[in-house]
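To keep things clear, I will list the structure first and then write my remarks on it.
The values are calculated or read from the model by the stated rules, or taken from the named source; none is laboratory data. None of the values given here were measured: they were computed from a predicted structure. All Cβ positions, even for glycine, are placed from backbone atoms using ideal geometry, and neighbour counts span all protein chains on display. We work out accessible area using only protein heavy atoms, side chains counted, and drop any ligands, DNA or RNA first. Shrake-Rupley method; radii C 1.70, N 1.55, O 1.52, S 1.80 Å.
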Amino acid sequence: MELKRINVYTYQILKHGNMKVPTVIYTSSKLLESIKRDRTLEQARNVACLPGIQKMAYVMPDGHQGYGFPIGGVAAFDLDEGIISPGGVGYDINCGVRLLKTDFMEKDVEAKRTELLAQIFRSVPAGVGKGGKLRLSRRVLEEVCLKGAEWAVENGYGARRDLERTEEYGRMKSADPSYLSKRAIDRGVPQLGTLGAGNHFLEIQKVDEIYDPEIAGVFGIHSLGQILVMIHCGSRGLGHQVASDYIRAMENRFRTSGLPDRELINAPIRSEMGQQYYKSMSAAVNFAFANRQMIAHWVRDVFKKIMGSSEGMDQVYDVCHNVAKFEKHDINGEEKEVCIHRKGATRSFGPGRKEIPEVYRSVGQPVIIPGSMGTASYVLAGTRQAEQLSFGSTAHGAGRMMSRHEARRRFRGEQIKQDLAEKGIELQSTSWRGIAEEAPQAYKDVDEVVKVSHEVGIGRLVVRVVPVSVMKG
Amino acid sequence: MSQDQKKKYQFLEHTADAKFQAFGHSLEEAFVNAVYATVSLMWDREKIGRKIQQPVRVKGRDLEQLLMNFLEEILYLLDSRMFLLHSVEKMKILRETDIYVLDAQFLGDINEKRYRPHGDVKAITYNEMEIHTNDRFMVQVVVDV
């Protein structure tokens, strides 16, 4: 496959064969090396062959091999001729990141951070095969899936102003929980209000560098050493089941012959099946918003208890990085509503977009990019260029470059915990093996990912944070 | 017996997810070993009690879909009932006119503190799924972790 270098951070797969549009990859020569070792480029080319695709298929700087679509894949489809694909969203629907600010400084939490982490570990259920603290009826779970974070706020988790600072205001109105299967609901009932495991985490962080003080100030971030809390999790088993259910249903309806990859199964957006998937996916999105809303509430409670106050713990923002939605974009000079798929990609809307809350409308939305365990994370601001370059999208994280199996062979959880301790980072997890699998060395360099994002112009660097205490599922 | 068939399963390199091949003298045995490979990513099944019997019946239009639905049952029972699998018994795959039907019994226990699962599998995928039934029985699966 021929890869054409357009400029230092932009590469293109020219249209050939069945491709309906070219594919653009935002990357650096360093990141490209690991992309070339897996199937990322082949998968990105396959996406460019799907019906109704608009303009270009994109791969974000943290792109890597997924199933069907690559991770870090962004694609937009025409509403009449285009498709919607569960594989273009991913299994963990509305996997996302929520960031809370605090008015505490590093020195304020220093003496109490062990206690803070221990208490958060007790308050936020995590790990595999464990339920949450709530005993919900199926009817209530359906309400959660209908109303998202709004449900959580109405039931005493957090404040109404959190909703404004959540993508989609914490609720996709397209949700229709009546399309969720019994199995999806069965998996969701015990899991609302749980962090999960794998790459999901909760971190107490400190501000390490401020690149753009003006925008940072608008986001509520003002000082080096300021303490923040980052929550990374998704829709748990409910979302995974929705993905599996609709991959199966679409296969049975449309068959897979003619697809270069079975995971690219899709349905026309306007079809009944396409609409059912969209409404179910929206319900799973809402489950995840409610989930992070509840976890954030428990974190505030812990700060109140241990630090004496949770005043000033405003939400900076909550972003989803596995989602499909309808948005208006400039397609060859014309504004047009399209169905955007962001799979392992974050929305990065610049100043002026009506989808972002008024408080951020003059500077662009906060884009939260978590690093791997024990490394830096970043807050970027969305840009107007991103709308031209990537349908208003940028990276979502570091992106793996080593398999979990290999990571386990090379690293030991105990050693990693000790290495982090030497760097002043506390770590608590439900599993040593989980720590080894999430070793920082198994991930791409998040610093390089955000640098590419900034240089290309699809996300502007605002703040760099580093972990103080890490809780892993 | 070939080198492959001595092993129940083996993991292969895969950047983001987990990829394995499971082997058997029959399709049933290869499917059961695929269950054990999937479970090995989450807990040590040898340590799980054999207290609860869970009958399982899944169907599939083709063998790939049958395998997908069978493996997904592990995740469904884990999330909805905190069921941790120890072993699979009474495994049988039948081909009816245009559909495969699989019956089996899962043995295991409800999660308790002492079991301490160590990892998560989010979903079973079709990505690079292969099922060989010619000279040997082998299934290859990538799971999303």
**Prompt:** What are the residues in segment B:112-134 that are within 19 Å of A:VAL128 (Cα to Cα), open to solvent by 30 Å² or more (accessible area, probe 1.4 Å) and not in a loop (DSSP other than H, G, I, E, B), if any?
**Reply:** B:LYS113, B:ARG114
**Request:** Please state which of the following conditions A:VAL462 fails to meet, knowing it meets all the rest: (1) open to solvent by less than 30 Å² (accessible area, probe 1.4 Å); (2) more than 28 Å from A:GLU110 (Cα to Cα); (3) not aromatic (Phe, Trp, Tyr).
**Result:** (2)
**Asked** How many residues, within segment A:202-221, are among the hydrophobic types (A, V, I, L, M, F, W, C), assigned to a strand (DSSP E or B) and within 13 Å of A:LEU100 (Cα to Cα)?
**Response** 3
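Report, by residue number, each residue of segment A:53-79 that is in a loop (DSSP other than H, G, I, E, B), under 20 Å from A:TYR246 (Cα atoms) and away from chain B (no Cβ under 14 Å).
Narrowing segment A:53-79 to residues in a loop (DSSP other than H, G, I, E, B): A:54-56, A:68, A:79.
Still in the running and under 20 Å from A:TYR246 (Cα atoms): A:68, A:79.
Scanning segment A:53-79 gives a single hit, A:LEU79.
Here is a check on your reading of the model: is A:GLU414 closer than 21 Å to B:ASP144 by Cβ and surrounded by fewer than 21 Cβ atoms within 10 Å (Cβ to Cβ)? Steps first, please.
On the way: closer than 21 Å to B:ASP144 by Cβ: no; surrounded by fewer than 21 Cβ atoms within 10 Å (Cβ to Cβ): yes.
No; evaluated as a whole, the condition is false for this residue.
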**Request:** Check whether at least one residue in segment A:353-369 is in a strand (DSSP E or B) and either within 14 Å of another protein chain (Cβ to nearest Cβ) or open to solvent by 40 Å² or more (accessible area, probe 1.4 Å) (or both), and report yes or no.
**Result:** no
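Can you tell me how many residues within segment B:112-145 are polar (S, T, N, Q), away from every other protein chain (no Cβ under 11 Å) and touching a residue at least 24 places away in the same chain (Cβ under 8 Å)?
Taking segment B:112-145 and keeping what is polar (S, T, N, Q), we get B:125, B:127, B:133-134, B:140.
Checking the rest, the ones that are also away from every other protein chain (no Cβ under 11 Å) come to B:133-134, B:140.
Among the residues that remain, those that are also touching a residue at least 24 places away in the same chain (Cβ under 8 Å) are: B:133, B:140.
Selection size over segment B:112-145: 2.
Would you pick out the residues in segment A:118-141 that are more than 30 Å from B:VAL39 (Cα to Cα) and in contact (Cβ under 8 Å) with a residue 12 or more places away in the chain? Step through it out loud before you land on a result.
Filtering segment A:118-141 for residues more than 30 Å from B:VAL39 (Cα to Cα) gives A:119, A:139-140.
A:GLN119, the sole residue that qualifies.
Quickly run through segment A:424-439 and pick out the residues that are in a strand (DSSP E or B) and under 16 Å from A:GLY196 (Cβ atoms).
Initially, segment A:424-439 is screened for residues in a strand (DSSP E or B), giving A:426-429.
Across segment A:424-439, the qualifying residues are A:GLN428, A:SER429.
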**Request:** Can you give me the ranges of the strands (runs of 3 or more DSSP E) entirely in segment B:16-111 with at least 2 residues that are surrounded by fewer than 17 Cβ atoms within 10 Å (Cβ to Cβ), free of Cβ contacts under 8 Å to residues at least 12 places away in the same chain and out of contact with any helix residue (DSSP H, G or I) (no Cβ under 6 Å at 6 or more places or on another chain)?
**Result:** B:83-96
**Message:** Looking at the structure I just gave you, is A:ILE13 farther than 24 Å from A:CYS320 by Cα, among the β-branched types (Val, Ile, Thr) and crowded, with 18+ Cβ neighbours inside 10 Å?
**Reply:** yes
**Asked** Of (1) part of a helix (DSSP H, G or I); (2) touching a residue at least 40 places away in the same chain (Cβ under 8 Å); (3) open to solvent by 10 Å² or more (accessible area, probe 1.4 Å); (4) among the small types (Gly, Ala, Ser), A:ALA421 satisfies all except one. Which?
**Response** (2)
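For every residue, the table says whether it meets (1) in contact (Cβ under 8 Å) with a residue 40 or more places away in the chain; (2) surrounded by 24 or more Cβ atoms within 10 Å (Cβ to Cβ).
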| residue | (1), (2) |
| --- | --- |
| A:THR40 | no, yes |
| A:GLN43 | yes, yes |
| A:CYS49 | yes, no |
| A:GLN54 | yes, no |
| A:ALA57 | no, yes |
| A:PRO61 | yes, yes |
| A:TYR67 | yes, yes |
| A:ILE71 | yes, yes |
| A:ALA76 | yes, yes |
**Request:** Among the residues of segment A:226-252, write down those that are under 18 Å from B:LYS122 (Cβ atoms) and within 8 Å of chain B (Cβ to nearest Cβ).
**Result:** A:ARG236, A:GLY237, A:HIS240, A:GLN241, A:ALA243, A:SER244, A:ILE247, A:ARG248
**Residue in segment A:378-407 that is nearest to the chain's Cα centre (by Cα), counting only those that are surrounded by fewer than 24 Cβ atoms within 10 Å (Cβ to Cβ) and within 14 Å of chain B (Cβ to nearest Cβ)** = A:MET401
**Asked** Within the set of pairs 6 or more residues apart or between chains, which connect a residue that is at pLDDT below 95 inside segment A:348-364 to a residue that is crowded, with 23+ Cβ neighbours inside 10 Å with Cβ atoms less than 6 Å apart?
**Response** none
**Message:** Which count do you get for residues in segment A:253-290 that are within 14 Å of chain B (Cβ to nearest Cβ), in a helix (DSSP H, G or I) and not hydrophobic (A, V, I, L, M, F, W, C)?
**Reply:** 3
